[in-house]
Amino acid sequence: MSLRPTLRLAATASRRCCSLASTRLASTATVPKYKEITHPDIMPGSSKSQSLIDSTSPYMVTTYSRPPIVFTKASGSLIWDAAGREYLDFTGGIAVNSLGHNDPQLCAIMADQATTLTHCSNLYYNSWVGELSKKLVGLTREKGGMHDAAQVFVCNSGSEANEAGIKFARKVGKVVDPSGQKVEIVSFRNAFHGRTMGSLSATPNPKYQEPFAPMVPGFRVGELNDIAGIDGLVTERTCSVIVEPIQGEGGVTPAGDEFLVRLARRCREVGALVHYDEIQCGLGRTGQFWAHGHLPKEAHPDILTTAKALGNGFPIGATIINERVGERIKVGDHGTTFGGNPLACRLACNIVERLGDEKLLEGVKRKEKIFRETFERWRGEWPELVKEVRGKGLILGLQLSEDPAGIVKAARERGLLVITAGTNTLRFVPALTIEEGQIKEGLEKLENAIRATRE
């Protein structure tokens, strides 16, 4: 039997395969890299995420609008979905996972404490709430923040921390002025202080407030960085002024140093408290332990609130106060069921020590430069789109001239998670431990996403 027909068929088939492969390669080569979508929200032939969403979302209150992907595991600055696809995370859980996802030290502490003691109520002392309070006061003073920090109230979230600060200010105002007139609290436009009724009343955004009006009475609103308006805004009736040194949700807008100094000076003149909300911008995110740490002592706060990075994903918040406030708070004035539990506090003890490490803080400043250099290049390439860069350290905002929703989606489809803030602002709040190579890789993905949306 001759093998020639078989060989001829094989040769023909081989030529066809080579021709098809060449056609495919040529086709692929003609597609620019920026157009490649590697992580479509809905994957053809894979319905695991959609199946999970369909089977559970009917039971969830619809307070969030989410893309149709389900995340299942993470490590450092990487996170994977139900289909096993890897994403780079520039969101840090919204400035929460400052030490990255699933930090090994924190996982070990959590496992150990979970088998030791997790909760015993605030009717008793536990081994860790006092230790955390001592560390927060000590590190705050040592790192150049709130020089007269004295005591800490530990709770479960940022909203609760601000709620405590608001209540403490009202109590101080009533002690200082028994007539009951010194109860007004000042906040600033575009601020975000929380969603409980007190903190929401200090968040002058109609989108958040109107569905739940009327707000708690006694709140006034000013314009951030309006030095000329301070004296008329802060009066003898003011018991506290709450301000973010860098507004996060409002668009990554820093309060100017001169503004904060003049604001604090006016507060001292009328006997009002200064309350810095550093829930998003504090604990190392700006490259210093507290965002206000470079200010002169006269501009330091009487109340300082923190959360987010304090637990690196585990629920905890804290309100730090000085003696002026502390001496007026008595047993029964405030409380919490879960706040100060030993599991959360032991984790936070480890976290605050590491977030105060000078090597880490220097790394934050170095990583900021990588972002800024790229952003400035984009301003030159797309001047009609990229208008301004704001922020400090690893809380940065890229102000655009249009809604960035399309860019956010295009970035996600290329394996990058990024979020927005304020009006038309891309917000960058990655883990402080993110690798420099990961920043460059993520920025390349984002640049491809921007390029794809320009056509």
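The values are calculated or read from the model by the stated rules, or taken from the named source; none is laboratory data. Note that the structure is predicted; figures quoted are calculated from it, not measured. Here the Cβ is made from the backbone with ideal geometry for all residues, glycine too, and neighbour counts use every protein chain on show.
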Please determine whether any residue of the stretch 330-337 is surrounded by 16 or more Cβ atoms within 10 Å (Cβ to Cβ) and either aliphatic (A, V, I, L, M) or over 30 Å from ILE434 (Cβ atoms) (or both). yes
Mind listing whichever residues of the stretch 276-306 are under 19 Å from GLU160 (Cβ atoms), part of a loop (DSSP other than H, G, I, E, B) and charged (D, E, K, R)? GLU278, ASP302
Please verify whether the stretch 286-299 includes one or more residues that are modelled with pLDDT of 95 or more, in contact with a helix residue (DSSP H, G or I) (Cβ under 9 Å, 6 or more places away or on another chain), assigned by TED's automatic domain parsing to the domain that holds GLY138 and under 21 Å from GLY339 (Cα atoms). no
One residue is enough: does the stretch 115-128 have a residue meeting the conditions within 15 Å of GLU353 (Cα to Cα) and either at pLDDT 95 or above or polar (S, T, N, Q) (or both)? yes
Are any residues in the stretch 249-273 among the acidic types (Asp, Glu) and assigned to a helix (DSSP H, G or I), and if so, which ones? ASP257, GLU258, GLU269
So, of the residues in the stretch 291-316 that are within 21 Å of the chain's Cα centre (by Cα) and small (Gly, Ala, Ser), which turns out to be surrounded by the most Cβ atoms within 10 Å (Cβ to Cβ)? ALA309
Going by what's in this entry, would ILE407 be described as surrounded by 20 or more Cβ atoms within 10 Å (Cβ to Cβ), out of contact with any Phe, Trp or Tyr (no Cβ under 8 Å at 6 or more places or on another chain) and farther than 25 Å from ALA309 by Cα? yes
When (1) outside any helix (DSSP H, G or I); (2) touching a Leu at 6+ places or on another chain (Cβ under 8 Å); (3) closer than 21 Å to LYS167 by Cβ are applied to ASN190, the one that fails is (3)
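Residue by residue, here is whether (1) surrounded by 21 or more Cβ atoms within 10 Å (Cβ to Cβ); (2) in contact with a helix residue (DSSP H, G or I) (Cβ under 8 Å, 6 or more places away or on another chain); (3) more than 20 Å from VAL96 (Cα to Cα) holds:
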| site | (1), (2), (3) |
| --- | --- |
| LEU347 | yes, yes, no |
| ASN350 | no, yes, no |
| GLY363 | no, no, no |
| PHE371 | yes, yes, no |
| ARG379 | no, no, yes |
| GLY397 | yes, no, no |
Which ranges mark the strands (runs of 3 or more DSSP E) fully within the stretch 317-401 that have 3 or more residues being within 25 Å of the chain's Cα centre (by Cα) and free of Cβ contacts under 8 Å to residues at least 24 places away in the same chain? 386-392
Just to confirm my filter: which helices (runs of 4 or more DSSP H) fall fully inside the stretch 197-248 and include at least 3 residues that are in contact (Cβ under 8 Å) with a residue 12 or more places away in the chain? 197-201, 230-233
Take the conditions touching a strand residue (DSSP E or B) at 6+ places or on another chain (Cβ under 8 Å), under 16 Å from ASP277 (Cα atoms), modelled with pLDDT of 95 or more and not in a helix (DSSP H, G or I) and apply them to THR140. Does it pass? no
Yes or no: GLY144 surrounded by fewer than 17 Cβ atoms within 10 Å (Cβ to Cβ) and under 23 Å from ALA264 (Cβ atoms)? yes
Got at least one residue in the stretch 167-186 being at pLDDT 95 or above and within 22 Å of the chain's Cα centre (by Cα)? no
